[in-house]
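See structure below.
The values are calculated or read from the model by the stated rules, or taken from the named source; none is laboratory data. Nothing here was measured: the structure is a model prediction, and the numbers come from that model. As a convention, Cβ positions derive from the backbone with ideal geometry for all residues, glycine included, and neighbour counts pool all protein chains shown. Heads up: the accessible areas ignore ligands, DNA and RNA and are worked out on the full protein's heavy atoms, side chains in. Shrake-Rupley method; radii C 1.70, N 1.55, O 1.52, S 1.80 Å.
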Amino acid sequence: MGVGTPSWWYRKHGLLASVLAPVAALYGRIAHSRMSKDPAYRSTLPVICVGNFTAGGGGKTPTPSPSATALKAAGRTPAFLTRGYGGAARGVVRVEGQAADEVGDEPLLLAEVAPTFVAADRVAGAKAIEASGADIIVMDDGFQNPSLAKDLSLIVVDAASGLGNRRVIPAGPLRAPLAGQLARADALAVIGEGNKAASLVEAFERAGKPVLKAKIAPDCDARWLGVLPVIGFAGIARPTKFFATLRGNGARLVDSQGFPDHHRFKEREAQRLLKAADEKSAMLVTTQKDWVRLPDDDPESAVTELKNRSRPFPIVVTFEDADRLAALLSDAATQRAKHSKRI
């Protein structure tokens, strides 16, 4: 598990999970009550939510992009709505060349695919998108947030980790009790290889809800990974997953260093990585999220040097049945249009 994501969340039994069960029960009641509220606002545009049931490491980060790409191929004009975790920006901000410390790291990647709006207030963000010329909103995360009505909620799960111990935060990774989340989900995207999500797949299929399969693949010619030894570093929910991806694509990993999700690298951490690369004659490789988060505006800074000497390894989520994904998203938009006409 990643730094900051407790490994015991992904074990069947554990003393800490049992000890925290009463707190989890209270948290779960509050989360369920919040999710059960009527939406505060229904946008004039269809809203596609790409979210997950768990906190961290569910494989959601790269998934909104293929959803927007599929919509564009179908003739739609999507825009992303995201909170921009870790950014200092306030209000509603359209991503147009800002640094990661202002808008967050993931919005910078989303903006390469479609117009992206950062807003902690999802209703305000949706209204800004309505005025932008877009005709559909792809909301990154926010499945449990009741403020904005969704026309389709696509839930993402990692096939290798599933739902862990299936307990609610802090006893486990679930953001809310599973039954309530299942009832509000419309479709499931299973990312990667493994059988940890088998029971969740069965639950969706029993409910007659679509299940799509996808895999993570390099978004580049990966042969460069084998040229020199590699030191991998990552500040994501599950760094070990990234390191396994590097190995699986031919990297000779001589060292790996994991950090918490959305980590802001410090001078001493950058110096340590740079020193290790020099000592081992290795190249530094990180995730796209981490690379865009590294600042490049101070030539005297070790963190800037780390960015200049590192190389991001880009990945992409590819769906086994891209046409089915496109049809699912387009149908949601069409049904919304019919509903609006009746109103």
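So here's what we get for this one:
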item: Segment 103-225, Rg to Rh (Cα coordinates; Rh as Kirkwood inverse mean 1/r); result: 1.00
item: Candidates V230, V19, V92, ranked by Gaussian network fluctuation over the chain, Cα under 10 Å, top entry; result: V19
item: Under the Karplus curve 6.51 cos²θ - 1.76 cosθ + 1.60, θ = phi - 60°, whole-Hz ³J(HN,Hα) for segment 45-54, x wherever Gly or Pro sits; result: 10, x, 10, 9, 9, 10, x, 8, 7, 10
item: Relative packing of 317-323, 171-177, 83-89, which averages over residues the other C-beta atoms within 10 Å, highest first; result: 171-177, 83-89, 317-323
item: Given charges at beta-carbon only (K, R positive; D, E negative), |dipole| of the chain in Debye; result: 1260 debye
item: Per residue, in Å², the accessible surface of segment 287-328 once ligands and nucleic acids are set aside, probe 1.4 Å; result: 52 Å²
item: Sorted peptide list for 269-278, 151-160, criterion being average Cβ within 10 angstrom, highest first; result: 151-160, 269-278
item: Under-5 Å amide H pairs with R311, H placed in peptide plane, nonlocal only; result: L284, V285, T286
item: Residues L253 and K37, FRET efficiency given R0 of 35 Å [Cβ-Cβ distance, rounded to 0.05]; result: 0.15
item: Inter-centroid distance (Cα atoms) of segment 282-298 relative to segment 3-41, Å; result: 33 Å
item: Residue of P46, P22, P66 that the Gaussian network model of the chain assigns the largest fluctuation, springs spanning Cα pairs under 10 Å; result: P22
item: Rounded accessible area per residue of segment 1-128, 1.4 Å, Å²; result: 48 Å²
item: Computed magnitude of the charge dipole of segment 148-305 (debye, nearest 20; Cβ of K, R +1, Cβ of D, E -1); result: 840 debye
item: Contour minus Cα-Cα distance for R309 and E130 (0.36 nm per residue); result: 60.4 nm
item: Sequence-distant residues sharing a close amide H with A189 (under 5 Å, placed H); result: I155, V156, V157, L212
item: Vicinal HN-Hα couplings computed from phi for segment 22-37 (Karplus, 6.51 cos²θ - 1.76 cosθ + 1.60; Hz; Gly/Pro x); result: x, 5, 5, 5, 5, 4, x, 5, 5, 5, 5, 4, 5, 5, 7, 5
item: Cβ-based charge dipole, the chain, positive-most Cα from T44, L284, P64; result: T44
item: Surface share of carbon and sulfur [accessible, 1.4 angstrom probe, percent] for segment 113-175; result: 51 percent
item: Correct option for volume of the Cα convex hull per residue in Å³ [calculated from the coordinates] among [x] 128; [y] 202; [z] 141; result: [z]
item: Modelled FRET efficiency - R0 30 Å, S199 with L16, Cβ distances, 0.05 increments; result: 0.85
item: Accessible surface of segment 245-329, 1.4 Å probe, proportion on carbon and sulfur as whole %; result: 46 percent
item: CD proxy at 222 nm, helix term only [per DSSP H run n ≥ 4: -39500 (n - 2.57); per residue of the chain; nearest 500]; result: -10500 deg cm²/dmol
item: Cβ-Cβ FRET estimate between S301 and A88, R0 fixed at 25 Å, reported to 0.05; result: 0.85
item: Cα centroid of segment 120-180 to Cα centroid of segment 85-101, whole Å; result: 20 Å
item: Integer Hz, Karplus 6.51/-1.76/1.60 couplings in order for segment 257-263, x for Gly and Pro; result: 10, x, 9, x, 4, 6, 5
item: Segment 24-93 - percent of accessible surface contributed by carbon and sulfur, probe 1.4 Å; result: 54 percent
item: Simple spin-label estimate for A327 and W8 in nanometres, 7 Å along Cα-Cβ; result: 4.7 nm
